Every structure is written in structure tokens, then in C-alpha cells.
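The values are calculated or read from the model by the stated rules, or taken from the named source; none is laboratory data. Since this is a predicted model, take the numbers as computed values, not measurements. Please note: Cβ atoms are built from the backbone with ideal geometry, for glycine as well, and neighbour counts cover all protein chains shown. We work out accessible area using only protein heavy atoms, side chains counted, and drop any ligands, DNA or RNA first. Shrake-Rupley method; radii C 1.70, N 1.55, O 1.52, S 1.80 Å.
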Amino acid sequence: MSTTDTTNATIGLLSDLVAFDTTSHKSNRALIGFVEDYLAGHGVASHLIPTADGEKASLFATIGPADVPGIGLSGHTDVVPADPAAWTSSPYALRENGGRLYGRGTADMKGYLACVLAMVPEFKRRKLKVPLHIVFSYDEEVGCTGVRPMIAEMGDRLPKPRAVIVGEPTSMAVVDAHKGPVRWHVEVTGRAAHSSMAHLGVNAISVAARLIGELDAIEHELAALPPDPRFTPPYPTLQVTEISGGIASNIVPAICRFGFEVRSMPGLDVDAIEQRLAAFAQTQCLPDMQRLAPEARIDIRQTNRVPPFGADRMSEVVALALKLAGQNETGAVSYATEAGLFQASGVPAVVCGPGDIAQAHTADEWVAISELERCVAFLAHLADWSEAQ
Ligand SMILES: [Zn+2]
């Protein structure tokens, strides 16, 4: 296939993929069925890893020798919600204008999926020595939850890849480190009272405020850590992101709930942050609360954890990605990807994909056709490398 043919095939596939509304809370099965049929049409068998209710599935497929660990091409099929009113045209109908392709997920990250799929006939034609695995997941946008069951199967029901290239939008830069969000939910239970009889109540909002004060102190300490200039900002961040409490202006509130998040960096001990908050609650808050109200509680629960990603200094797949992309320097990003999860499970990872993260999650999201062409060239170099092994 000529370069123009591959570009046209990529755009056609992207148009098909964008037409499936795979917002994270919806099923992705129609899209997965489409990919499965497409691969079957090229003689490639798919293994699906469905959720218990069958509403969603990941897809794993191998092109090349079955008995050799391969390079995984990893992407998520879900997208963030789109508000059609904020878009110039339908988010689910691909529109081309001035070298840009508009549609939800074009940058994040159906553009990469389309490039990988468009290259399947070429991959089939080559005499690959190292196989290429298609590794498509779901629910990345809601805490990288969908890829976890698939990773758990690797080395068991699925082959364990030698390495994985995660195609999140990096403008085809090679990224070997990213931050990882860890999130907690805190519920403070005090005791309600008429606000004129405040001495009979335990004010859950006031206690939450003290806990948040402690989190503020931790945030400042994190900001004062030795900076790592590869990240923006160059330190781990901590933010209280949600809060609710109280039911009326004349009642001492019995309940206050809040959420907070740490954007962790490789090497940060996030468990120590939770332990410090729990110790503060235990020693500075609960004794006073329980003197009046024995039922008073402070529950701190971790709700999601995406590990930060830092590739090994001597990582083979980082060196390979640099070679394929024709670059000699890696970058780091502050958004999370599935790379940290692969790395944590013993599958070395690197992040490199078409499109600009600045366009991800926005109205009128777009990817440049030139970015897709660069990605296709990268994948063609990957096939060259595999043949030469
Ligand atoms: Zn993404």
C-alpha cells in the first residue's frame, strides 16, 4: 500500500471509530465488535476480555509468531463525554477541515487506534520475527480501570508482551515518565444538634476543615520537595477536589464528605500521606469528637490509584521508540496513562502517540492528519525492526 492509501485507510477507520459513542459510562461492545470483524477480515483472531456483565470488553490480538513475546500497541477505546451544544458539528461524525480531523476521541485516542488498525494489512504482509500485539482497553478515562483485568491475564491466558507502546497523544514525542493520580474519599461523622445548642453536637464540617488544613500543610511540603524539572509543575500536587456537608443553616452538621487527590511522581510514598492524615485524625480530632459522641468516626478510603510511570534508565522499549521516532530525547508529562500499570506488572512501557494532549477532552477535539502520518511511519519502522530481529 502506498503512503496515501494508508493515510486514507487511517482516516476511514478513524471515521468508523469516532461514530461509536464510547463515552466511558456507555458500552464499548459495538466498537470492539467492529474491530474484531475488521481483524478477522485480515485473518487475525481476537481474544476478548469482557466485564462480568458483558457491557464492555478489552481486545487482545497477535500478528506474527505466537510463541515469542511481542510488542504491545496499547490504546483505550473509551472517550470523555461530549456536549454537542459546545461543538461546531456532531462530535461523533468525523469532519475534515484544513488538515485537521475533528471528532470526540480523534486525539485521545482513537487516532492511534486507527493508525494501528490501518497498518494491520502491512503487518500481515511482513515477516515479523517479534510479534505485534493489539491491546485495546476500556474505562481509561475513569481511572485506568479497564486495562487491569487484561494485564492480570498476561502471562496466563494471554501472552505477556515483551514491552508495550501506549499511544496516548504526545505529538509523537517519546515519553518515559508521567505522574499518577491517587484519590481518596473522606467521610466525617459527628453528631447533629440544634445550632443554638452547639455544645451538644459535633460539627463534622469543622473537623473536615481541620483535616483539610493538614492536607494543605502536606501540599506545601510536597511543593518544597527537590524539583524534578521534567514535570509541570515540577513537584507532586495535592488538591481537595470535592466537598459536601450540612443540611440546614440552623443544624450542627453531622456529616461532611470530601475528596482529595495526589498527583504522584515516581518514588513518592503516597501511603505515607494517607497514614499521616489518619494519624492526625486519630490523635488530633477523634478524642474530642468521641468524648461527646462515641459514634463519631473519620473514614479515609482510597478510591483509585494509577501508579506514576518511570521507565528504567536502560529501558529497551524507550530506546526502540526513540529510534523509530527518529528522536534522541525523552519527555515527561503530568497526565496519567496506562503505562504505569504495565510497568508495575513487569511489562516495560513507553508512551508515544499522535495528537496533542491540549486538544484532548475539549469541544471540537481534533488531530492533525500529519500526526497520523507520523504515527503510521513510526509503526512501519516498528515492522522493519521486527523483521530485522
Ligand atoms: Zn487517553
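Results, tabulated for the structure shown:
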item: Breaking point among (1) within 16 Å of the ligand (Cβ to nearest atom); (2) modelled with pLDDT of 95 or more; (3) open to solvent by less than 10 Å² (accessible area, probe 1.4 Å), for ALA173; result: (3)
item: Per-region count, the stretch 72-127, residues touching a His at 6+ places or on another chain (Cβ under 7 Å) and either surrounded by fewer than 24 Cβ atoms within 10 Å (Cβ to Cβ) or among the charged types (D, E, K, R) (or both); result: 5
item: Hits in the stretch 286-301 - residues which are crowded, with 20+ Cβ neighbours inside 10 Å and outside any strand (DSSP E or B); result: MET289, ALA296
item: Residue check for ASP271: touching a strand residue (DSSP E or B) at 6+ places or on another chain (Cβ under 6 Å), of a type in the set (Asp, Glu) and outside any loop (DSSP other than H, G, I, E, B); result: no
item: Matching option when the condition is within 16 Å of the ligand (Cβ to nearest atom) and not basic (Lys, Arg), among GLY213, GLY190, GLY155, GLY146; result: GLY146
item: Failed condition for SER74, given (1) of a type outside the set (A, V, I, L, M); (2) touching a Ser or Thr at 6+ places or on another chain (Cβ under 8 Å); (3) assigned to a helix (DSSP H, G or I); result: (3)
item: Criterion: within 14 Å of the chain's Cα centre (by Cα) and in a loop (DSSP other than H, G, I, E, B) - qualifying residue of VAL142, VAL182, VAL130; result: VAL142
item: Qualifying position, being modelled with pLDDT under 95, away from the ligand (no atom under 16 Å from the Cβ) and surrounded by 17 or more Cβ atoms within 10 Å (Cβ to Cβ), among ARG313, ARG305; result: ARG305
item: When residues of the stretch 53-67 are limited to those that are modelled with pLDDT of 95 or more and open to solvent by 20 Å² or more (accessible area, probe 1.4 Å), the one farthest from the ligand (Cβ to nearest atom); result: PRO65
